[in-house]
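Note sheet for the following structure.
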Amino acid sequence: MNNILVINGHPNKESLTTALAESYRKGALKEGHECSILHLCRLDFDLILKPDRTDNNLEPELSQAQTAIKQADHLVFIFPIWWGTYPALLKGFIDRTFLSGFAFQHHGSSNRHDKLLKGRSARLISTMDTPRWFYALAYRNMGFRAMKQGLLHYCGISPVKTTVFSPIHSSTPDQRRKWLSEVEKLGSQSR
């Protein structure tokens, strides 16, 4: 049994990504996994990492998020691709929670660092209007690369798998139901 944390990075609580997050959780719970969802749009925190900010003065909800991340075996980030990458809400959450001393630790002035979140896996589930092949070709999957290499692998989280649903704008209700079912299945398999 795994402890799973789903992080919904969409700023609208009525979004398709919220429904996908709930479907993932439903599938995970059916298989006996522990699974909770962190809807970032429901948290009250400053998106901007300011020079005087440390883990000692995090908002209570961000401290709780760090605890949930530490307890999780598997992290699931669900977010839309906007302007080639993820929304500012998710970026602000990452900047404010994946801090030095929590997610990684540098060794003095060297380029070496400890990966403090080893032992966890992750899945990225994303929606976009751009066709998947075009995003890969024209944008070189920059949002996924930023999440995988720039964040998750840097902190020791591996493997990281990716699932994409597109195009959203022209999708039918039947297509969206299929996507929700597919994500529920991913939740039941988790890892």
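Descriptive notes on the structure:
- Some residue of the range 104-126 being within 26 Å of L180 (Cβ to Cβ), touching a helix residue (DSSP H, G or I) at 6+ places or on another chain (Cβ under 8 Å) and without any contact (Cβ under 8 Å) to a residue 24 or more places away in the chain: no
- Some residue of the range 12-24 being more than 24 Å from D95 (Cβ to Cβ) and of a type in the set (G, A, S): yes
- If you filter the range 148-180 down to residues that are assigned to a loop (DSSP other than H, G, I, E, B) and over 17 Å from the mean Cα position of the chain (by Cα), you find that the one that is nearest to R112 (Cα to Cα) is S166.
- Contact annotation: residue pairs with Cβ atoms under 6 Å, 6 or more positions apart or on different chains, pairing a residue in the range 164-178 that is closer than 13 Å to L20 by Cα with a partner that is part of a helix (DSSP H, G or I), are V164/R132; F165/W179.
- Leading residue by the ranking (nearest to the chain's Cα centre (by Cα)) among those in the range 112-147 that are in a strand (DSSP E or B), under 21 Å from A19 (Cβ atoms) and of a type outside the set (A, V, I, L, M, F, W, C): R123
- Boolean, L186 is at pLDDT 95 or above, surrounded by 16 or more Cβ atoms within 10 Å (Cβ to Cβ), outside any loop (DSSP other than H, G, I, E, B) and more than 13 Å from the chain's Cα centre (by Cα): yes
- Matching residues, the range 167-183, being surrounded by 13 or more Cβ atoms within 10 Å (Cβ to Cβ) and more than 21 Å from R25 (Cα to Cα): P167, I168, S171
- Subset tally (residues that are more than 17 Å from the chain's Cα centre (by Cα), part of a loop (DSSP other than H, G, I, E, B) and under 28 Å from S166 (Cα atoms)) for the range 1-32: 2
- Matching residues, the range 111-137, being buried (at least 19 other Cβ atoms within 10 Å of the Cβ), at pLDDT 95 or above and of a type outside the set (S, T, N, Q): L117, R120, A122, R123, L124, I125, M128
- Looking only at residues of the range 52-90 that are of a type in the set (D, E) and assigned to a helix (DSSP H, G or I), we find that the one that is modelled with the highest pLDDT is E61.
- Looking only at the range 1-58, and only at residues there that are out of contact with any helix residue (DSSP H, G or I) (no Cβ under 9 Å at 6 or more places or on another chain) and not charged (D, E, K, R), the one that is surrounded by the most Cβ atoms within 10 Å (Cβ to Cβ): T17
- W133 meets the conditions (1) without any contact (Cβ under 8 Å) to a residue 24 or more places away in the chain; (2) in contact with a strand residue (DSSP E or B) (Cβ under 6 Å, 6 or more places away or on another chain); (3) over 24 Å from L99 (Cα atoms); (4) aromatic (F, W, Y) in every case but one. The failed one is (2).
The values are calculated or read from the model by the stated rules, or taken from the named source; none is laboratory data. What you see is a predicted model; the values in this text were computed from it and never measured. Please note: Cβ atoms are built from the backbone with ideal geometry, for glycine as well, and neighbour counts cover all protein chains shown.
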